[in-house]
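Data block below; observations after.
Derivation of every value follows stated rules applied to the coordinates shown; laboratory data play no part. Treat the numbers as computed from the prediction; the structure is a model and nothing was measured. Positions of Cβ are backbone-derived with ideal geometry, glycine not excepted, and every protein chain shown enters the neighbour counts.
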Amino acid sequence: MPTKLLYLIGAGGHGKVVLDALLSSDAPACDVRVRDEAQQLQGQRLLDYPIEGPAIAVEMKNELFHLAIGNGQARRRLFATLLNMGARPLSIAHAAASVSRFARIGDGSFMAAQSVVAAAASIGHSVIINHGAIVDHDCVVGGFSHIAPNATLGGGVVVGSGVLIGAGAKILPGISIGDGAVIGAGAVVIANVGKDETWVGVPARNTARS
């Protein structure tokens, strides 16, 4: 029987992925409540769970929550709001994710099916490691970042906060990527990336210098 109450915030496509992962995992049994701000979604269902609103309400104090929202800035804002209310973030890993017991996983992060988080990797708060993404040994991924499907971080890569690594991108070992940077889908990054820069291509180049 469910022993905890979990508020899953976000009922879009990523919400489906997170809820499916939760139901597949060995996390403690929870009574799941799905919340979303979008009025057109309220009253519909997410994988057979009714969608409620508003996204945040006072009864969430002291309860578990997970932000199933792809936008990193929105996750950062809501994460701070919910912590200030006294709610508690829950990390979720799909049963088919491979997460080393020697990795550090921040609060409220998500590891999708077939993702890999290797030994001595460190993942910040509310990070998304999406389907098939690889975070190799000794990597550091800052809070509210998103490692998209099939992206690969080689050993010792350092990713700042609020970074988006696009689908299928490859970051060579030892590279640093600054806060707020965007790496395009399929890019191959062989040099350090600065704060808020966007890099695309093979090898990847800063779009501001193209």
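With each label modelled as a point 7 angstrom along the Cα→C-beta vector, the residue 48-residue 202 pair spans 4.2 nm.
Per-residue Cβ neighbour counts within 10 Å put 79, 144, 102 in the sequence 102, 79, 144, beginning with the fewest. If you take all other residues with their beta carbon under 14 Å from the beta carbon of residue 165, and give Lys and Arg +1 and Asp and Glu -1, the sum is -2.
Per-peptide packing, taken as the mean over residues of other Cβ atoms within 10 Å, places 123-134, 48-59 in the sequence 123-134, 48-59 from highest down. With R₀ fixed at 45 Å, the C-beta to C-beta distance from residue 83 to residue 24 puts the FRET efficiency at about 0.95.
For the chain, the convex hull drawn through the C-alpha positions has a volume of 110 cubic angstrom per residue. Computed 3J(HN,Hα) for the range 52-66, one whole-Hz value per residue from the Karplus formula 6.51 cos²θ - 1.76 cosθ + 1.60 where θ = phi - 60°, is 10, x, x, 5, 10, 8, 5, 6, 7, 4, 6, 9, 7, 9, 9, glycine and proline marked x. With Rh defined as the Kirkwood radius, the inverse of the mean 1/r over Cα pairs, the Rg/Rh of the range 4-89 is 0.93. With the largest listed first and rounded to whole Å, the semi-axes of the equivalent ellipsoid of the range 93-203 from the Cα gyration tensor are 20, 13, 12.
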